[in-house]
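The block underneath contains the structure these notes are about, expressed in structure tokens.
The values are calculated or read from the model by the stated rules, or taken from the named source; none is laboratory data. Since the structure is predicted, the reported quantities are computational estimates derived from the model, not experimental observations. Reconstructed Cβ throughout: ideal geometry from the backbone, glycine too, with neighbour counts over all protein chains shown. Just the protein is used for accessible areas: all its heavy atoms, side chains included, with ligands, DNA and RNA removed. Shrake-Rupley method; radii C 1.70, N 1.55, O 1.52, S 1.80 Å.
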Amino acid sequence: QVQLVESGGGLVQAGGSLRLSCAASGMFSGTYAMGWFRQAPGKEREFVADISWNGITTDYADSVKGRFTISRANAKNTIYLQMASLKPEDTAVYHCAAKYGRPTATIGAYDYWGQGTQVTVSS
């Protein structure tokens, strides 16, 4: 049973920083890519960032480029999302996701999802 558990969310003022973590456990075999997605109230879930198995390839949504950094520590089966210069429009539930093979921004391509962690940015 694959499990993804996010942590690190919270309330922060605009301009502040947060680091999200996502710990993966279960029967992973082979290489897998991971991603971060977010869903604000009343909006559809959207892509934030993704990372390849070896951590070399990353991709970001235009809205977070230059402010967010995705990374992973395979020895810990964990990925991170370092968020800086946060804006009120970053407020959302942040979910991590995993898929075998190459990373993609396509939500439907991910097989496993975490429950999410709330990030609230006050103005």
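On full extension of the chain, what length is gained from GLU44 through SER7, given 0.36 nm per residue of separation minus the C-alpha to C-alpha distance?
Working: separation 37, 0.36 × 37 = 13.32 nm, distance 2.14 nm.
Taking GLU44 through SER7 to full extension adds about 11.2 nm, to one decimal.
Given a 1.4 Å probe, how much area per residue of segment 8-104 is accessible, in Å²? The partial results should precede the final answer.
Working: 4740 Å² over 97 residues.
On a per-residue basis, 49 Å².
Between GLN82 and ALA61, how many nm apart are label points set 7 Å from Cα along the C-beta direction?
Label at GLN82, label at ALA61, 2.1 nm between them.
Keeping all protein chains in the complex and leaving out DNA, RNA and ligands, what accessible area do you get for ASP59 with a 1.4 Å probe, in Å² to the nearest 10?
The accessible area of ASP59 comes to roughly 70 Å².
What are the ³J(HN,Hα) couplings of segment 75-90, residue after residue, when phi is run through the Karplus curve with 6.51, -1.76, 1.60 and θ = phi - 60°? Round to Hz, x for glycine and proline.
Karplus-based 3J(HN,Hα) across segment 75-90 equals 5, 9, 6, 9, 10, 10, 9, 8, 10, 10, 6, 5, 10, x, 6, 7 Hz.
Starting from the amide H of ASN77, placed 1.01 Å from N in the peptide plane, find each other amide H under 5 Å away whose residue is 5 or more places distant or on another chain.
none
Counting other C-beta atoms within 10 Å, and keeping those with at most 14, which DSSP coil chymotrypsin sites (Phe, Trp or Tyr not before Pro) do you find in segment 1-78? Mind dumping the intermediate values first?
Working: sites: PHE28, TYR32, TRP36, PHE37, PHE47, TRP53, TYR60, PHE68; in loops: PHE28, TRP53.
Loop-located and lightly packed - PHE28.
As a test question: what accessible area, to the nearest 10 Å², does LYS76 have when a 1.4 Å probe is rolled over all protein chains in place?
Taking all protein chains as shown, LYS76 has close to 140 Å².
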